[in-house]
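This report concerns only the one structure given below.
The values are calculated or read from the model by the stated rules, or taken from the named source; none is laboratory data. What you are looking at is a predicted structure, and each value in this text was computed from that prediction instead of being measured. All Cβ positions, even for glycine, are placed from backbone atoms using ideal geometry, and neighbour counts span all protein chains on display.
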Amino acid sequence: MTIVVPEYLAPLIPWVRGIVGLVLIGFIFVGAMGAVWLERKLSADIQTRMGPCRVGKYGLLQLVADAIKLFTKEDLKPLNADSLLFNNANIFMLGSVFLMLVALPVGAVFINGVEYPLAVTQMDISVLYIEAVSALSIFGIFMVAYGSNNKYSLLGAFRNFARMVGYEVPLGISVISVAAMTGSLNIVDISSAQGLHWNIFLQPLGCFVFFVSLMADMGRLPFDQNESEEELIAGWITEYCGMRFGLGFFAEYIHMILGSFLVALLFLGGWNVPGFIANNSVLGLIAPTGFLIVKVVFVLMVIIGLRWAVPRFRIDQVVDLSWKKLLPLALLNLVWAVGLGLYLGA
Amino acid sequence: MVLKNIKYAIRNITRPPVTRMYPEKPSELSDRFRGLQILDKSKCIGCGICANTCPNAAIKIVKAPIAPGSSKQRWFPQIDIGHCLFCGLCIDQCPKGALSSGKEYAKGLVKWHHKDLLMTPEKLAREVDLEKGDER
Amino acid sequence: MEEQLEPNEMIVHLGPQHPMQPGPFRLNLRLKGETVVDADIELGFIHKGIEKILENKTYLQGITIVDRICYLVALVNEECFVGCTEKLLGIKPPERSQYIRVILDELTRIQSHLLGMGEFGEFIGFVSMFMYAIREREEVLGLIDMVTGARVTHSYLKFGGVRDDLPDGFKEKALSVFNNLKKSVDDFEEMFHTDRIFRERTVGVGVLTADVAKNLGVSGPVLRATGVPFDIRKNEPYLVYKDLDFKVCTETAGDCFARVQVRINEIRESIYILEQCLDQIPGGPLFPEGTMYGRRTPVMRVPAGEVFHRVEDPRGEMGMYMISDGSDKPYRVKIRGPYYPTLQALPPLIIGTTVADVASISGSMDGCTSEADR
């Protein structure tokens with residue numbers, strides 16, 4: 001959608017862009033804080049205890065207290081750590097999630113029956129771009145772990161590579177299957193083309209492969225060998241203190257939220273609503289985005305609940321799972337998706 | 001595959017939490033809980049068996065008046081809470097049964113200076129309020 | 001371990017402070033990539049000098065000291081010490097006291113095995129297992145609290161009997177706790193059996209053969225998981241174990257999965273023993289008739305002599321060798337704890353495995369380093 005701007009307002013456009021960008025970053029950090037709160041409360045429910053309950057009502061301000069604590073901690077650096085890698089790793093970790101945020105639509109509004117997706121940019125290859133950019137975080141993790149001059153972090157670093165290399169392939173193939181069936185790589189098109197028959201019913205195997213590979217990509221249990229607390233103290237982020245740790249921690253949770261958005265958009269039908277809601281003037285503004293947020297929260301709760309309900313794999317079993325079990329399933333799903341796409345298209 | 005774990009986890013979500021909201025709700029103590037000892041001054045003969053039995057030598061026998069405001073003094077035990085194990089051996093070994101178990105374990109016992117931790121016979125007989133002197 | 005390291009080897013200390021240890025000990029690993037090439041254990045970080053302290057305390061004060069050898073299984077440690085002294089004194093507690101002691105020993109065994117299972121789940125990444133097991137353990141600790149007055153470090157046993165009788169309403173409460181516990185243990189066992197990730201982490205990992213275990217002096221569930229049916233409650237019965245009917249739980253595989261399975265079966269056997277005890281317990285006095293031993297212990301001069309007494313600790317065989325020289329303090333008490341030999345079995349098991357398996361194997365040994373160091 002293009003907005004026509006009168007000429008006397010043209011010099012203000014860069015300022016407007018900057019403010020909108022900052023507001024979006026603020027929203028996403030608040031969203032990450034909400035995800036951390038949800039994790040702490042949900043894990044407490046699974047273990048029949050209460051999570052944060054004293055700071056603010058229902059513990060909602062606990063994250064603010066944690067952020068203040070992280071800001072006021074002393075910033076330590078190990079003696080022989082590599083300065084270049086150690087200081088600049090946060091850029092890669094956060095840069096990867098913000099670049100993902102750029103192309104991901106967070107909702108849509110229906111004005112007069114016409115759909116306007118809310119995305120910062122709309123690209124023709126947005127799914128491929130999101131895939132590629134989410135893999136940049138591996139550089140950040142390796143820079144931290146290798147530059148820390150710590151044996152535990154080193155073990156975590158190499159485990160990280162083994163895991164990421166194995167799981168990018170099934171992730172990519174399952175995304176390509178969805179794109180092949182729909183006929184476009186634009187995430188807005190994939191989401192709208194689902195209508196009311198979601199992709200999870202058409203490609204259940206693809207959804208399963210995508211979900212498992214996404215959990216491995218994000219580094220969540222049962223795939224968090226690089227930060228396994230029982231063997232490696234804190235794994236790759238052992239030597240980071242204060243806000244450096246805070247930024248890495250937030251990057252992981254933002255990645256989790258964006259991953260849930262991907263699952264909701266690609267497989268759970270995005271923001272599609274029945275026709276009568278879309279044509280309604282008031283509901284058309286809030287219902288599609290609200291529906292999408294509900295689906296995202298549901299996927300988030302599944303991801304968080306899985307972390308606290310299952311044990312952890314060993315690193316060689318993780319690699320074994322990806323190459324020997326997920327890759328053939330992903331290829332099988334690709335064949336099925338192409339066949340189904342031809343049948344539906346014809 | 002991992003379904004039983006997930007089912008058990010979901011079933012736990014519906015159960016009430018087991019956390020105790022201390023200090024708003026004090027913990028429930030069993031009947032035989034051993035807190036600070038209670039001294040019965042009328043039964044104590046000042047023999048010192050409790051002081052000999054204590055594994056940590058936390059009991060000293062000191063002179064104290066037999067009632068508040070009285071001028072007659074006898075020998076009574078004084079317990080150093082900083083060293084007491086709350087094992088109850090002094091209660092068991094007293095030949096006259098002058099010591100028994102109270103239920104105080106935190107309120108009025110947590111003090112800042114060491115001299116406040118010496119529970120004099122007046123405090124043990126509960127003639128003096130325990131919580132006074134609870135300042136930082 | 002300090003020989004010249006190859007270019008791709010490094011030495012990592014799973015050091016005295018580590019989230020995965022039950023107590024401080026240093027495990028030096030020589031790693032080649034992720035595989036352990038050589039391993040070495042250093043103990044002594046929590047040595048408290050208990051055996052020396054016992055030489056300066058009377059026998060009655062010694063009960064409170066022996067409580068603290070391993071604070072999780074305090075009642076079994078007290079049983080060993082009091083049993084030794086009673087052998088030297090030549091007295092035997094009456095039937096009712098023996099039954100009460102057996103009840104408390106088995107309750108201690110249940111709560112120690114629950115904690116061991118929970119910790120093992122935590123070490124392989126399943127953090128919620130710890131919370132589930134602790135929740136069940138609270139009920140059992142409530143039962144022990146009802147009888148002794150404390151959840152840990154009880155100082156409840158006396159020479160010739162126990163300090164207090166069972167309270168009213170104990171039997172009904174205990175039976176209701178056992179009903180819930182049986183269901184929970186069935187749930188835990190099903191979770192362990194059907195969980196694919198758990199089986200991959202534990203089946204075939206850390207296999208201990210019966211010969212190696214017997215040579216090293218390992219005992220307890222770790223030995224019974226290799227197929228050797230050795231249980232002191234059956235081989236050398238003490239208290240009233242010869243009147244009770246129970247079986248010795250063994251498995252043949254010898255890996256981590258078998259050890260966890262042995263502990264789950266032992267919880268069930270302990271509940272069965274407890275139900276029998278609560279049925280069969282006779283009335284009667286708590287202390288032997290005609291002697292001066294009672295709740296108030298008299299001044300004791302223990303006759304001179306040497307005696308060795310062993311009991312079945314939840315972790316293995318606990319023994320005490322006591323030498324008395326006729327005075328009111330022991331001349332020497334030598335404590336043989338069950339976890340020290342089990343720790344010696346750890347380095348041969350972990351050579352050739354990966355770092356992740358070290359956590360799994362060391363967790364399945366379920367130890368208390370405080371007892372290894374004393």
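Working only within the range A:259-277, note down all residues that are crowded, with 21+ Cβ neighbours inside 10 Å and either outside any loop (DSSP other than H, G, I, E, B) or among the acidic types (Asp, Glu) (or both). Passing the criteria: A:GLY259, A:SER260, A:PHE261, A:LEU262, A:VAL263, A:ALA264, A:LEU265, A:LEU266. Filtered by the rule that a residue be surrounded by 15 or more Cβ atoms within 10 Å (Cβ to Cβ) and either in a loop (DSSP other than H, G, I, E, B) or in contact with a helix residue (DSSP H, G or I) (Cβ under 8 Å, 6 or more places away or on another chain) (or both), the range C:272-284 gives C:ILE273, C:LEU274, C:CYS277, C:LEU278, C:ILE281.
Matching residues to (1) among the β-branched types (Val, Ile, Thr); (2) in contact with a Cys (Cβ under 8 Å, 6 or more places away or on another chain); (3) surrounded by fewer than 20 Cβ atoms within 10 Å (Cβ to Cβ); (4) at pLDDT below 90:
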residue	(1), (2), (3), (4)
C:THR226	yes, no, no, no
C:PHE246	no, no, yes, yes
C:ARG263	no, no, no, no
C:ILE267	yes, no, no, no
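Which condition number does C:ASP328 fail, the rest of (1) over 27 Å from the mean Cα position of the chain (by Cα); (2) at pLDDT below 85 being met? C:ASP328 satisfies all of (1) over 27 Å from the mean Cα position of the chain (by Cα); (2) at pLDDT below 85 except (2). Considering (1) over 17 Å from A:ASN333 (Cβ atoms); (2) away from every other protein chain (no Cβ under 14 Å); (3) charged (D, E, K, R), the lone condition that A:ARG220 does not fulfil carries the number (2).
For the condition part of a loop (DSSP other than H, G, I, E, B), more than 9 Å from chain C (Cβ to nearest Cβ), among the aliphatic types (A, V, I, L, M) and crowded, with 17+ Cβ neighbours inside 10 Å, what is the one hit in B:LEU109, B:LEU85? Let's see the steps before the verdict.
Values: B:LEU85 fails: more than 9 Å from chain C (Cβ to nearest Cβ).
Testing whether each residue is part of a loop (DSSP other than H, G, I, E, B), more than 9 Å from chain C (Cβ to nearest Cβ), among the aliphatic types (A, V, I, L, M) and crowded, with 17+ Cβ neighbours inside 10 Å leaves just B:LEU109.
Restricting attention to the range C:108-147, the residues that are at the interface with chain A (Cβ under 10 Å from one of its Cβ atoms) and either of a type in the set (S, T, N, Q) or not in a helix (DSSP H, G or I) (or both) add up to 4.
To keep it simple, each residue is scored yes or no on (1) charged (D, E, K, R); (2) within 14 Å of another protein chain (Cβ to nearest Cβ); (3) within 20 Å of C:LEU75 (Cα to Cα).
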{"position": "C:GLY294", "(1), (2), (3)": "no, yes, yes"}
{"position": "C:ARG301", "(1), (2), (3)": "yes, no, no"}
{"position": "C:PHE308", "(1), (2), (3)": "no, no, yes"}
{"position": "C:MET322", "(1), (2), (3)": "no, no, yes"}
{"position": "C:ALA345", "(1), (2), (3)": "no, no, no"}
{"position": "C:ILE351", "(1), (2), (3)": "no, no, no"}
{"position": "C:VAL355", "(1), (2), (3)": "no, yes, no"}
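When each of C:ILE100, C:ILE91 is tested for being more than 14 Å from chain A (Cβ to nearest Cβ) and buried (at least 22 other Cβ atoms within 10 Å of the Cβ), the lone residue that passes is C:ILE100.
When residues in the range C:148-175 are screened for being more than 9 Å from every other protein chain (Cβ to nearest Cβ), more than 19 Å from C:TYR71 (Cβ to Cβ) and in contact (Cβ under 8 Å) with a residue 24 or more places away in the chain, 11 of them pass.
Here B:LYS96 clears all of (1) more than 13 Å from chain C (Cβ to nearest Cβ); (2) surrounded by fewer than 17 Cβ atoms within 10 Å (Cβ to Cβ); (3) of a type in the set (Lys, Arg); (4) touching a residue at least 24 places away in the same chain (Cβ under 8 Å) except the condition numbered (1).
Please work out if A:GLN47 is in contact (Cβ under 8 Å) with a residue 24 or more places away in the chain and in contact with a Ser or Thr (Cβ under 6 Å, 6 or more places away or on another chain).
Values: in contact (Cβ under 8 Å) with a residue 24 or more places away in the chain: yes; in contact with a Ser or Thr (Cβ under 6 Å, 6 or more places away or on another chain): yes.
Considered against the rule, which asks whether it is in contact (Cβ under 8 Å) with a residue 24 or more places away in the chain and in contact with a Ser or Thr (Cβ under 6 Å, 6 or more places away or on another chain), A:GLN47 comes out as yes.
If you take the residues in the range C:62-86 that are touching a Leu at 6+ places or on another chain (Cβ under 7 Å) and closer than 24 Å to C:ARG301 by Cβ, which one is nearest to the other protein chains (Cβ to nearest Cβ)? Here the residue is C:THR64. Take the residues of the range A:279-323 that are modelled with pLDDT under 85, among the aliphatic types (A, V, I, L, M) and surrounded by fewer than 19 Cβ atoms within 10 Å (Cβ to Cβ): which is farthest from the chain's Cα centre (by Cα)? Once the filter is applied, the top-ranked residue is A:VAL282. As a summary of the residue check, A:THR48 satisfies the conditions (1) surrounded by fewer than 18 Cβ atoms within 10 Å (Cβ to Cβ); (2) within 14 Å of chain C (Cβ to nearest Cβ); (3) among the hydroxyl-bearing types (Ser, Thr, Tyr) except for the one numbered (1). Of the residues making up the range C:41-88, those that are part of a loop (DSSP other than H, G, I, E, B) and buried (at least 23 other Cβ atoms within 10 Å of the Cβ) are C:ASP67, C:ILE69, C:CYS70. Inside the range A:117-175, residues that are within 14 Å of chain C (Cβ to nearest Cβ), of a type in the set (D, E, K, R) and touching a helix residue (DSSP H, G or I) at 6+ places or on another chain (Cβ under 8 Å) make up a count of 2. When every residue of the range B:41-50 is checked against the conditions, none turns out to be within 20 Å of B:GLU104 (Cα to Cα), within 13 Å of another protein chain (Cβ to nearest Cβ) and of a type in the set (D, E, K, R).
Candidates in the range C:176-200 are the residues that are more than 9 Å from every other protein chain (Cβ to nearest Cβ) and among the acidic types (Asp, Glu); of these, the one that is surrounded by the most Cβ atoms within 10 Å (Cβ to Cβ) is C:GLU189.
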